[in-house]
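Data first, discussion second: the structure below is written as structure tokens.
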Amino acid sequence: MLAAFIVLILMYYKSPPSKKCPPPIVPPGQWGHKATFYKTLNLTTSPQSSTEALKKNKTLMLLWSWPENKRFDPQVCEAYFGFDSCQLTDDKSLYSSARGVLFFHKDIQDDLSNLPTLRRPRFQRWIWLNTDSPSNTRRIEGIQDLFNLTMSFRQDADIQAHWKVSYRTNTDEPFQLPKKERLVCWITGSDGLHTQSRESFIYYRELVKHIKVDVFYFAEFSRSEEYFLTISTCKFYLSFEDSIHRDYITETFNGPLAAGTVPIVLGPPRLNYEDFIPGDAFIHVGDFPDASKLAEFLLKLDKDYHSYIKYFNWQRSYIARPHLIEENYEFAHVVCKACNHLSVYKEYRAIPDLYKWFFV
């Protein structure tokens, strides 16, 4: 019995890690130009055959259209996110066999001509996916009562699109602050820094009167490791949302959390952010009467290491995982998460008026 026990122990430590687990996360302090930050994925975009999709005996979700035609390898659901109980396909011949069909709101035509014409099976769920805020969502007449499941940034959606922090399993692992080379940074997709009328740009123009802000553009980053490495060199990062709505907190907030940087948030009220992360993990612009007072506070923190490092106390209990910024993978997380939801939860609901719920 003792010999058998020893053999089992040796087998456990020498066996390779399960392929079902996501690739290990590289701590910000270990990032480098040659760091293997993400597992290399096969970018094959051809649809799966009917036999391949059905033979695995898994919950089948049909992707009615690729969001904004950004195709990715369905294997990313298991390889990166660890979701292995659902099968994703874009083969419309499998419509009658799919437990769920995912529809991306932006891709639905105004006349509904690109929606299914076949009768919906009784067991099938239709999922409404919308990653935009109400301000950026167009109304399409005739879809208000078509869906059984909703997926959006809203907390009361059936499936939340947020990139959430997770509980840390190893609480003894010390936090390693990345090397800081810049004070305040912002990565934006728009070049209209001095002309845009959105609140985020208005606030930025006031802030730069009092403190230096290093500005980068999303187009400068083709790989996720470059994006997160840049953020990690900044003490503070402007996590400004493009519109302000309840629960509308996007990857612009997750980026600095995952990179080891303090986010300065402009979006919903502070209490709404605290639904997702401890309140001492970020700085809210609403805590200051104006941009000059915020700048004054940041300059003081820059000289006070002990006060600054307290903004990372949350890392003792939580961990923020880097998201994928590569263009083809922009919607990979939400699509895979929807597929996984179908395999785990069987509940659904009747939604008599989608817009009455969403546009509030």
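If amide hydrogens are placed 1.01 Å from N in the peptide plane, which non-local residues have theirs closer than 5 Å to the one on Y237?
Close amide H contacts, sequence-distant or interchain: C185, V262, I264.
Which value in nm describes the separation of the simple spin-label points at S243 and L193, placed 7 Å from the Cα toward the beta carbon?
2.6 nm
Please work out how much length the chain gains when fully extended from S65 to K209, using 0.36 nm per residue of separation minus the C-alpha to C-alpha distance, in nm with one decimal.
Fully extending the segment from S65 to K209 adds 47.3 nm.
What is the distance, in nm, between label points placed 7 Å from the Cα along the Cα-to-Cβ direction at Q75 and at E226?
The two pseudo-label positions are separated by 2.6 nm.
Quick one: check the C-alpha center-to-center distance for the stretch 146-189 versus the stretch 246-296, whole angstrom.
12 Å
Determine, for the stretch 166-319, the count of lysine pairs separated by eight or more sequence positions (or lying on different chains) whose alpha-carbon distance falls under 17 Å.
19
Quick one: length gained pulling N114 to D145 fully straight, 0.36 nm per residue minus the C-alpha distance?
So the extension gain works out to 9.5 nm.
Binning at 5 angstrom from zero up to the longest distance, how are the C-alpha pair distances of the stretch 166-319 distributed in percent?
Histogram of Cα-Cα distances, whole percents per bin: 2, 9, 19, 23, 22, 16, 7, 2, 1, 0.
Give me S113, S133 ranked fewest to most by other Cβ atoms within 10 Å of their Cβ, as a rough exposure proxy.
Neighbour counts put them in this order, fewest first: S113, S133.
Under a point spin-label approximation (7 Å from Cα along Cα-to-Cβ), what is the V344-L271 distance to one decimal in nm?
Going from the V344 label point to the L271 one covers 2.8 nm.
Once fully extended, how much extra length lies between D290 and D353, figured as 0.36 nm per residue of separation less the alpha-carbon to alpha-carbon distance?
Residue separation times 0.36 nm, minus the Cα-Cα distance, leaves 18.7 nm.
Restricting to Cα pairs below 8 Å that are 6+ residues apart, what does the relative contact order work out to for the stretch 63-127? Please round to a whole percent.
41 percent
Taking neighbour counts of Cβ atoms within 10 Å as a proxy for exposure, in what order, fewest first, do T169, T230 appear?
Working: T169 7, T230 21.
Neighbour counts put them in this order, fewest first: T169, T230.
Here, each number is a calculation from the coordinates, and none is a lab measurement. Please read all numbers here as calculations on a predicted model, not as lab measurements. Neighbour counts run over all protein chains shown; Cβ positions are idealised from the backbone, glycine included.
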